[in-house]
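Working notes, structure below.
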Amino acid sequence: MKLNEKKEIKIQNLTKFYILVLLKSNKEVTGYYILKKLDEDLNKTASPTYVYGFLKSLKSERYIEDVPILKSKRKKGYRLTSLGKSFVDRIFIRFNNLIEVAIQSKLAICASCGVKLYENYHNEITNKKEMNFCCKHCAKAYKDSYNSN
Ligand SMILES: [Zn+2]
């Protein structure tokens, strides 16, 4: 761990996150490819200014480097440096943790009384949906109220 580490680039939206995914899953990418994939995969029309601005900030941190694309002299590609790879891995782990928290918080509440569920909760199929309850009594109460409606 470095002592005076400066603030890391913030990845606060899906567009930036997906650009990192593209950088990680391809040997090299062009700005054009990124714009095309954002549109195709996420239905997002990102502005070239935004995408190139983000690439520029990655480059100034030495997370990516230019790769000349031979087919066209005017085109430039980018690839992750080893510094960039570990940055992307850190971001992915952070997102993975966030997603796990989001999924768990969805599951871990009694559908009847709303109490938080930790481990030994009661799981039942109610009205074809798998639901979580704190106990059998809550499951019954929930079913009773559902059926009386
Ligand atoms: Zn309950």
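Cβ-Cβ distances below 9 Å connect no pair with a first residue in region 122-149 that is outside any helix (DSSP H, G or I), a second residue that is near the ligand (Cβ under 10 Å from one of its atoms) and acidic (Asp, Glu), and a separation of six or more residues or different chains. None of Lys37, Lys24, Lys59 is over 21 Å from the mean Cα position of the chain (by Cα), over 15 Å from Asn13 (Cα atoms), in the same structural domain as Ile91 (by TED's automatic domain parsing) and not in a strand (DSSP E or B) except Lys59.
So which residues in region 75-121 are assigned to a strand (DSSP E or B) and either among the aliphatic types (A, V, I, L, M) or assigned by TED's automatic domain parsing to the domain that holds Lys59 (or both), if there are any at all?
Lys76, Gly77, Tyr78, Arg79, Leu80, Ile109 - these are the residues of region 75-121 that are assigned to a strand (DSSP E or B) and either among the aliphatic types (A, V, I, L, M) or assigned by TED's automatic domain parsing to the domain that holds Lys59 (or both).
Under the condition of being closer than 30 Å to Phe17 by Cα and within 13 Å of the ligand (Cβ to nearest atom), which residue from region 105-138 is modelled with the highest pLDDT? Step by step, filter region 105-138, then rank; the result is Ile109. The one condition from (1) farther than 17 Å from Gln12 by Cα; (2) surrounded by fewer than 16 Cβ atoms within 10 Å (Cβ to Cβ); (3) modelled with pLDDT of 85 or more; (4) away from the ligand (no atom under 16 Å from the Cβ) that Arg74 does not meet is (3). Taken as a whole, region 91-104 holds no residue that is of a type outside the set (Phe, Trp, Tyr) and either within 16 Å of the ligand (Cβ to nearest atom) or over 25 Å from the mean Cα position of the chain (by Cα) (or both).
The values are calculated or read from the model by the stated rules, or taken from the named source; none is laboratory data. Note that the structure is predicted; figures quoted are calculated from it, not measured. Backbone-built Cβ (ideal geometry, glycine too); neighbour counts: all protein chains shown.
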